[in-house]
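Beneath this line is the structure, given in structure tokens, with notes to follow.
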Amino acid sequence: MTEVRLKSGAAARNRQPILEVLRQLLPAQAHVLEVASGSGEHAVHCAAAMPGWEWQPTDVEPGALASIAAWRRHEALPNLLEPILLDVTGAWPAREVDAVVAINLIHISPWRVTEALVAGAAERLVPGGVLYLYGPYRRGGEHTALSNAAFDADLRARDPHWGVRDLEAVVAEGECHGFHLDRVVAMPANNLSVILRCR
């Protein structure tokens, strides 16, 4: 039988640091909507560590949805929900949540996806809820590391609509939808955790 559980080296490296930041932001009981869950490894790791978090994984890719479902069956975590198809530029689940989590999404998608992500999160988050964004960013128009500059060039070569975003542009987009910048946390491999909070 073919193994459908995908495994990501990046997820294996960053899932614990991401969990540690989320633990500082969220209460012990929380509803989390993860956008573009990919392999599902972040969902599994966070749900296992925090049984009071009800974690809703989503994705648009059939292979990712199959992987998430397979991980869910394998781990049998009651607080990890069945993955659902979600295109952030379309209709979102109606339920309010305490956090929207997007890991390594906005640089591997057109800018309109970031706009839709922020707008959708603003509509679904409870007052004081958080939009958690993880990935590489430029600050003050400059890359924070040579590796990020090379990564940005590679992304843009693959698709000219992709690329490492300016942190200030992302924050400004959030402010247009009622968010304020709560904090920025330096993460491994020259990534950042960017936390936007609903007013």
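Coordinate-derived values only; no laboratory data. Values in this document were obtained by computation on a predicted structure and should not be read as measured data. FYI the Cβ positions are ideal-geometry reconstructions off the backbone, even for glycines, and counts take in every protein chain you see.
See the values below:
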{"read-out": "Residues that are in contact with a helix residue (DSSP H, G or I) (Cβ under 8 Å, 6 or more places away or on another chain), more than 15 Å from L33 (Cα to Cα) and surrounded by 19 or more Cβ atoms within 10 Å (Cβ to Cβ), drawn from region 58-81", "value": "W71, R72"}
{"read-out": "Subset of region 160-176 that is surrounded by fewer than 18 Cβ atoms within 10 Å (Cβ to Cβ) and not aliphatic (A, V, I, L, M) - its residue that is farthest from the chain's Cα centre (by Cα)", "value": "P160"}
{"read-out": "Residue that is farthest from L25 (Cα to Cα) [pool: residues in region 94-109 that are surrounded by fewer than 19 Cβ atoms within 10 Å (Cβ to Cβ) and among the charged types (D, E, K, R)]", "value": "R95"}
{"read-out": "W55 being of a type outside the set (V, I, T), surrounded by 13 or more Cβ atoms within 10 Å (Cβ to Cβ) and not in a helix (DSSP H, G or I)", "value": "yes"}
{"read-out": "Subset of region 45-66 [under 25 Å from A91 (Cα atoms) and out of contact with any strand residue (DSSP E or B) (no Cβ under 6 Å at 6 or more places or on another chain)]", "value": "D59, V60, E61, P62, G63, A64, A66"}
{"read-out": "Hits in region 110-135 (condition: surrounded by 15 or more Cβ atoms within 10 Å (Cβ to Cβ) and on the phi > 0 side of the Ramachandran plot)", "value": "G135"}
{"read-out": "Selected residue (only one of R15, R5 is in contact with a His (Cβ under 9 Å, 6 or more places away or on another chain), surrounded by 15 or more Cβ atoms within 10 Å (Cβ to Cβ) and in a loop (DSSP other than H, G, I, E, B))", "value": "R5"}
{"read-out": "Condition broken by D98, with the remaining ones in (1) assigned to a strand (DSSP E or B); (2) acidic (D, E); (3) more than 22 Å from E41 (Cβ to Cβ) satisfied", "value": "(3)"}
